[in-house]
1. Against the longest alpha carbon principal axis of the chain, how many degrees, from 0 to 90 and to the nearest 10, is the axis of helix 201-210 turned?
2. Would you mind getting me the FRET efficiency between Lys186 and Glu160? Use the beta-carbon distance for r and R0 = 25 Å, nearest 0.05.
3. Can you sort Tyr193, Tyr88 from fewest to most other Cβ atoms within 10 Å of each residue's own Cβ?
4. So which cysteines of the chain have no other cysteine's Cβ under 4.7 Å from theirs?
5. May I ask which residue of Ala202, Ile119, Met94 lies farthest towards the positive end of the charge dipole of the chain, with charges of +1 (Lys, Arg) and -1 (Asp, Glu) on Cβ and the Cα centre as origin?
6. Picking from Thr181, Thr11, Thr118, which is most flexible by a Gaussian network model of the chain using Cα springs under 10 Å?
7. Based on other C-beta atoms within 10 Å, arrange Leu103, Leu25, Leu70 from fewest to most.
8. Can you match semi-axes √(5λ) of the Cα gyration tensor in Å to one of these, [x] 43, 19, 16; [y] 35, 23, 17; [z] 29, 19, 15, based on a calculation from the structure here?
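What follows draws every value from the coordinates through simple rules; no lab data is involved. Quick caveat, the model's predicted, so the values are computed rather than measured. For neighbour counting, all protein chains shown are included, and Cβ atoms are generated from backbone atoms with ideal geometry for every residue, glycine included.
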Amino acid sequence: MSEKTIRILITDDHAIVRDGLRLILETEEDFEIVGEACNGKEACQSAKDLHPHVILLDLRMPVMDGIEALKCIHRDHSDIAVVILTTYNEDEMMRQGLKEGALGYLLKDTDRGTLIKTIRTAATGQALFQPEIIQRAMQSQQSQKINTGIESNLTGRELEILLSVAQGNRNKEIAYQLGITERTVKAHLASIYQKLNVDSRAGAIAVAGKQGII
C-alpha cells in the first residue's frame, strides 16, 4: 500500500475536529482526504460515493452514531477499513466497535505518529490497537465474564501472542518481548490460526474481536 495513495474519509460532527485532522493528514504525501462527513448517515453515503480506503469514524454523532455507521459500511463495503477515533473511552462501545470489525480504536488525544501508523496499517487490511485499548478490552471482558468457547481453546501464551499481534508487533518483536524464539512464535501463530479457523493475522484479529476474545 505504501506505493499507492491512501484515500481517507473523515467523519466527525465537529467541524474543528475535521479541520484539524485534515491539516495533520494532508502533510503525508501518500494520504488523500477524499471527503468529510458530519454524521453516520453521511459517512455511509460517502463510502458509496467516494470509495475511500480508510474511514476515520467518530462514535457519538447525530442522525446515526458511529457503531450503526460501522455496521452499515461493512455490510455494503467490506473492503473499506474503519478506524474509530473518539473522545470517549467507553468499554461497551469499544467492544461493539471491535465486534463490528473496526481495525483501529484511537482516542482523539492520541499522538500524530500513532494516528498515521494506524491509518497506514488499516489500509493494508490489518488491525492496530494501542496497548491501553487492548488492556481495557480485556479487563472489560473479564469483568463481564464473557465466555466464547473459542477463548478456552487458546493457551495463555497464545493469547499473549494474539494481543501482541493486535498491537501491530511482528514476529521478531513478539519473540523479543516474550523471551522466546521466532520459530516458537510462528508455531504458536499456526496453532492460533488453526483454532480460530483463519489463515492470517488480520483474520485472527477479526475473529477474536467478533468472538469477544479481544
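1. Relative to the chain, helix 201-210 is tipped by roughly 80 degrees.
2. Details: r = 15 Å, r/R0 = 0.59.
The pair Lys186/Glu160 has a calculated efficiency of 0.95.
3. Details: Tyr193 16, Tyr88 13.
Lowest count first: Tyr88, Tyr193.
4. By the Cβ distance rule, which asks for a partner under 4.7 Å, the isolated cysteines are Cys38.
5. Comparing the listed Cα positions along the dipole, Ala202 ranks first.
6. Looking only at Thr181, Thr11, Thr118, the biggest GNM fluctuation is shown by Thr181.
7. Details: Leu103 27, Leu25 20, Leu70 24.
Going from sparsest to densest Cβ surroundings: Leu25, Leu70, Leu103.
8. Given [x] 43, 19, 16; [y] 35, 23, 17; [z] 29, 19, 15, the structure-derived one carries the label [z].
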